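Written below as C-alpha cells is the structure these notes are about.
The values are calculated or read from the model by the stated rules, or taken from the named source; none is laboratory data. Owing to the predicted nature of the structure, the values given are computational and were not obtained by experimental measurement. For neighbour counting, all protein chains shown are included, and Cβ atoms are generated from backbone atoms with ideal geometry for every residue, glycine included. The accessibility values were calculated without ligands, DNA or RNA, using every heavy atom of the protein model including side chains. Shrake-Rupley method; radii C 1.70, N 1.55, O 1.52, S 1.80 Å.
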Amino acid sequence: MRRTTKIAVIGAGLGGMTVAGLLQRRGFRVKVYEQAAAFSRIGAGIHLSSNVMLVMRHLGIEKALSDIALHPDAFVSRQWDTGEVLFELPFDPASEARYGAAYINVHRGDLHSVLESALEHGTVAFGKKLSHIDDSGPAIRLFFEDDGEAEADLVIGADGLNSKVRDHLLGPEKPRYTGHIAHRAIFPATRLNGLPIRACTKWWGPGNHILVYYMTQAREEVYIVTSAPQPEWTSNAAFVPCGREELTATFDGYHVELRQVVNAATDITKWPIFDREPVDRWSDDRIVLLGDACHPMRPYMAAGAAMAIEDAGILARCIAEVGSNDAGESFAWYQANRKARVREVQQISMVNTWLRTPIDPEWFFRYDACAVPLKPPDPAAR
Ligand SMILES: Cc1cc2nc3c(=O)[nH]c(=O)nc-3n(C[C@H](O)[C@H](O)[C@H](O)COP(=O)(O)OP(=O)(O)OC[C@H]3O[C@@H](n4cnc5c(N)ncnc54)[C@H](O)[C@@H]3O)c2cc1C
C-alpha cells in the first residue's frame, strides 16, 4: 500500500492504539478518532501473556511496560472450597525463553499511557464519536456526533463491542448478553492486613470464578475480577456500582483465604459480559474490523485484548506488505491469517477451561503476530 494512503482508526482502545502505532512505524499517515473526551484510568487491571508482549516489542514499548508491571511468578489455579492447587504454571527465565517474552499484570490505565507514548504526537482526536460513514465516493467520509467530519482512504473499525463501523459493514445487530456479569475492584493491599497472597490466582467455583492479582511491582494494589451468573442485564451503562454484600454472598462457601480477600474489597463495580457469534465477513475493500468490533469473546481466557493486539500486528503487516495498492487484497490476507486462531480462542473462552488443569500453553503464548510467516488467502474463499 502507498505510504500516502490516509488511514483512519475508529476507537483508541488497546487494538486501535496498537495498529495505529505499528502503521506509523511503517511510514503510514494514521489518525485515531476516539469518542471519549480524554483517557481515563478506569478501575481495572489486565494480564498480558507473552504473545502480547512480543507485539509490544515491535512497537518499542516492551521494556517500558515491563518496568511498570508486576511479573507474577506463576499463574495458579485453585479449587474454590478446599484451596487445593489444581495447576501452577511457573513464569521464570526458563518460561520467558520458551515463550519468547514475559507474562505481566498491569493497570489498564498504565498500559494505555505506555501505548500512547508509542504514537506520534497528536495522533488521537478525542471527543470524536463516530455516528455514520459514507463510502459512496472516492474518499470515505466519516461523520461524528459533534457535527465534525473527516475523510480517509481506509478505515479500521477498532471501536469495540458496540462498533458503529461493524454496523455499517454488517448491519446493526446487538451483542449477546451471556447471562454472566463480572465484578471488578481495585483496592489497597494494606486492606489485606498482611494476608499473604500469590501474585496471580484464579479460584474455580461451581458456575462462578474469581481472579486475584497484584497490578504493580510495589504490590500496593490488589485487583479482583469475577464471573457470576445473573439472568438479566437491563442497564445501558458499561458498568454499575455493586455493594460488598452482593460480592461476599456470591463467594460465600469459598476457601477462607479467598473470603478474606473479598471482604477487603472496596469500590466494587459490576460489568455485563457480552459476546457475539463468529462472522465470516471482517472487511470490504476499504473498511476492516479488528478486536472486539469484530469478534468479542467471553473474558475467561483473558485473551480479548490479546486478540485485538494480535489482529493489529497482522493487519499492519498485511497493509504494509501485501496488496500493492489494493486494500481488499491486504484485508483478505489479514483474515486468512487470523480467523482460525481467533475462533479457537473464542471457543476456549466460551468453555472456560484455560489453565484450569495442566496444559502446555506454548501454542498461544509463543505466537508473534509481527513475525509469524504470513500465508496467502485461499482463492476460493474470496
Ligand atoms: C471483565 C473483563 C476482563 C477482561 N480481562 C482481560 C484480560 O485480562 N486480558 C485480555 O487480553 N482481555 C481481557 N478482557 C477483554 C478486553 O478488555 C477486550 O477484549 C479489549 O479491550 C478489546 O479491545 P478493543 O481495542 O477491540 O476494544 P476496546 O478496548 O473496547 O476499545 C474500543 C474503543 O473505541 C471507542 N469507541 C467506541 N465507539 C466509538 C465511536 N462510535 N466512535 C469513536 N470511538 C468509539 C471506545 O471509547 C474505546 O476507546 C476482559 C474483558 C472483560 C469484560
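Some notes on this structure:
- Where the chain is the region considered: accessible area per residue in Å², 1.4 Å probe: 42 Å²
- Extension gain for residue 42 to residue 146 (0.36 nm times residue separation, less C-alpha to C-alpha distance): 35.0 nm.
- Amide H contacts for residue 131 (H built 1.01 Å from N in the peptide plane; partners 5 or more residues away or on another chain; cut-off under 5 Å): 143, 144, 145.
- Subtracting the Cα-Cα distance of residue 173 and residue 63 from their residue separation scaled by 0.36 nm leaves 35.6 nm.
- When the surface is traced with a 1.4 Å probe over the full set of protein chains, residue 378 keeps roughly 90 Å² accessible.
- Pairs beyond 27 Å (Cα-Cα), from 129/375; 128/339; 128/174: 129/375; 128/339
- For region 247-382, carbon and sulfur atoms together expose 51% of the accessible surface, with a 1.4 angstrom probe and every protein chain in place.
- Straight Cα distances below 28 angstrom link residue 63 to the lysines 31, 202, with same-chain residues fewer than 8 positions distant left out.
- Whole-Hz couplings from phi, Karplus 6.51/-1.76/1.60, listed for region 75-92; x for Gly and Pro: 9, 10, 9, 10, 6, 4, 9, 8, x, 4, 7, 8, 6, 10, 9, x, 10, 7
- For residue 215, the amide hydrogen comes within under 5 Å of the amide hydrogens of 221, 223, counting only partners 5 or more places away or on other chains and with H modelled in the peptide plane.
- Simple point charges give the picture: +1 on the Cβ of Lys and Arg, -1 on the Cβ of Asp and Glu, and for the chain a dipole about the Cα centre of about 320 debye.
- Relative contact order of the chain, pairs being alpha-carbon contacts under 8 Å that are 6 or more residues apart, as %: 22 percent
- The angle separating the long axis of helix 304-321 from the principal Cα axis of greatest extent in the chain is about 20 degrees.
- The amide H of residue 75, built 1.01 Å from its N in the peptide plane, has 89, 91 as neighbours under 5 Å, considering only residues 5 or more places off or on other chains.
- In sequence order, region 13-25 has phi-based couplings of x, 5, x, x, 5, 5, 5, 4, x, 5, 5, 4, 5 Hz under the Karplus curve 6.51 cos²θ - 1.76 cosθ + 1.60, θ = phi - 60°, and Gly or Pro positions carry x.
- Here region 118-177 and region 10-24 have alpha carbon centers that stand 13 Å from each other.
- In a simple Cβ point-charge model (Lys, Arg +1; Asp, Glu -1; nothing else charged), region 1-54 has a dipole of about 400 debye relative to its Cα centre.
- Nearest-ten-degree value, helix 327-351 long axis tilted from longest Cα axis of the chain: 20 degrees
- Applying the criteria of a DSSP loop state and at most 10 other Cβ atoms within 10 Å to the trypsin sites (Lys or Arg not before Pro) of region 171-274 yields no site.
- Heavy-atom accessible surface of region 1-84: percent carbon and sulfur, 1.4 Å: 51 percent
- Value of [θ]222 nm, deg cm²/dmol, for the chain, DSSP H segments ≥ 4, -39500 (n - 2.57) each, nearest 500: -9000 deg cm²/dmol
- Share, in percent, of DSSP beta bridges within the chain that are antiparallel, nearest 5: 70 percent
- GluC sites (Glu not before Pro) within region 80-180, DSSP loop, no more than 13 other Cβ atoms inside 10 Å: 84, 120, 145, 173
- Note that region 272-284 has calculated 3J(HN,Hα) couplings of x, 9, 10, 8, 9, 5, x, 10, 8, 9, 9, 6, 10 Hz, one per residue in order, obtained from phi through the Karplus relation 6.51 cos²θ - 1.76 cosθ + 1.60 (θ = phi - 60°); glycine and proline are x.
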